[in-house]
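Inspection log for the structure reproduced underneath, given as structure tokens.
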Amino acid sequence: MREPEDEVAFDAFFADAWGRLVSQAYLLTGNRETAQDLTQKAFLRAWKRWRKVTAYDSPEAWTRKVLHNLCIESWRRKGLEARHSGVDRAEVVEERGHDHELVEAMKSLPAPQARALLLHDGLGLTVADTARELEVPEGTVKSWLSRGRRVVRAQIRPSQEADRGER
Amino acid sequence: MTDDLAPDEVVRAAMAKVLGTGRELRPTVTAAALRRRAWRTHFPRIDTKLVGASAAVVVLVVTLVVAGPLRSTQPHQPTTERTAPRGWVAYSAYGLQLSVPKSWSVQPFGQCPRGNTLFIGTSQFVDSCPEFGSGGTIVSMSAKPDPYTASHDGSTAQDNAAALALYSADVAATRNGRSLIVNGLRVLQARTGSDLLWVIPANRAVLTGSGPAAEKVMRTLATVTTSASPAPGTVYGTAYLSALVRVPITGRVTYVRIQPIDKSLVAHSVGVLNGNYSATLTPGTYRFTTADGNAQCSSVSAKVESGRMITAPPIVCQGM
């Protein structure tokens, strides 16, 4: 049975962390509705295990981990649907332009690399914190970051250059 | 931030821009509504729309298979029948069996893979699992359509849509995919990279596999035999005191297997919290009851089937 103070704490957590988490879901899925739905689902799971979640050092880190896994699962599902329904993979991502290219570049990475890149380059976590969250050695994180950046840069570079050309 | 790895400005700038766009997305529900949904979905009602839609999909599959469009224009290429290697262990559900090495982790309704893992029944292994995507082999066997599959956890329209979309993908897959005969069973196969999706229309079952040993394990699929260990099923139930108002019970629910009868006649019990209980049990018919002070409580029975989640009738205690 949850207490009223749990509800207050959860509501405050929801209000505080929503923006940060939904933006990550958007970066990983490239679709607004999917990002909102998955973020809500992650919060729902956090609430279902609220006592356990609040016992952790960072409830947001726990929820973020759940959210990232939901997004990665979504990649798999959508990739499967796209491949077998004849839809071009690019069409799965609704948003166009540079958002789309970054999202597609992230999707082309192995899931742990994509998470490492998001945590470090997107959210500004240190290598040590990223390693702690991914439960891998720091050296592994550095290697993932290096490889991940190379792949992402290669895919978003044309857009960046186009950007500069427009100015 | 102390960091000995030089940041890549191009990547960081691109991410900052997309994160900024994403940050503008507002929630479509309030926190309070989300909390209420958690209560509702803890013991979800069967979604009639999902049942209807799932039934329609099944009818479509059966029709297409029978009528021909999904039937391969080429003769089936029966695959070599492979029995499981010596020492492997067979598990059954949905009239099927699948064999895995003894060292594998076998998880009915499991949550997190542990090394090489066989999931039977609906699993939710995306939930914060340390070994998710770690390179082991994961094979899952579940039934479709299964209303609980979609509504057990999130119970959102998107879940239902996703479940149906997957099933639709199964159907579409037969255009690009293959029709196989595996140990006498007709299987529709879709392959994405190293991931495999098998639909067994006759049993309304779905197998998924990823990882190096997935196909080898899936090739042991066969019609159930007595040598296989039946996977357990899960029963969900409610218990309440019916007085002036309906009061959820907290305490214990006792149960005994009545078919096949448990000759030891030992009753077991499981906790009931705020009127809700659940138990994962070997297949059979069970009788459940509870006690609440001097109130007279009904007993209810429910049939547990391998790999399925069922809902038992409510236990009602009549108060003063």
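Where a number appears in this text, it was derived from the coordinates with a stated rule and is not lab data. Only a predicted model underlies this, so the values are computations on that prediction, with no experimental measurement involved. Here the Cβ is made from the backbone with ideal geometry for all residues, glycine too, and neighbour counts use every protein chain on show.
Tell me, what is the FRET efficiency for B:R246 and B:S301 to the nearest 0.05, using R0 = 25 angstrom and their Cβ-Cβ distance as r?
On the way: r = 22 Å, r/R0 = 0.87.
That pair, B:R246 with B:S301, gives E of 0.70.
More than 23 Å apart: what percent of Cα pairs in the range B:176-320 qualify?
52
To the nearest 0.05, what FRET efficiency results for B:T285 and B:W88 with a Förster distance of 30 Å applied to their C-beta separation?
0.50
Using θ = phi - 60° and the Karplus form 6.51 cos²θ - 1.76 cosθ + 1.60, what ³J(HN,Hα) does each residue of the range B:218-233 get, whole Hz, x for Gly and Pro?
Going residue by residue, I get 5, 5, 8, 4, 7, 5, 4, 10, 6, 7, 7, 7, x, 5, x, x Hz, with x marking Gly and Pro.
Sort B:K263, B:K17, A:K142 so the one with the fewest other Cβ atoms within 10 Å of its own Cβ comes first.
Lowest count first: B:K263, B:K17, A:K142.
Considering only Cα-Cα distances, which of the following residue pairs are longer than 31 Å: A:K142/B:K102; A:K107/A:K142; A:K48/B:K17; A:K48/B:K102? Mind dumping the intermediate values first?
Numbers: A:K142/B:K102 37 Å; A:K107/A:K142 19 Å; A:K48/B:K17 33 Å; A:K48/B:K102 34 Å.
Over 31 Å apart, Cα to Cα: A:K142/B:K102; A:K48/B:K17; A:K48/B:K102.
Hey, what's the Cα Rg ratio for the range B:238-320 versus the globular rule of thumb, 2.2 N^0.38 Å? Mind showing how you got there, number by number?
Details: Rg = 12.9 Å, N = 83, 2.2 N^0.38 = 11.8 Å.
Against the empirical 2.2 N^0.38 Å value, I get 1.09 for the range B:238-320.
Take A:H120, B:H268 and order them by how many other Cβ atoms sit within 10 Å, fewest up front. The partial results should precede the final answer.
Values: A:H120 31, B:H268 14.
Starting with the residue having the fewest Cβ neighbours, the order is B:H268, A:H120.
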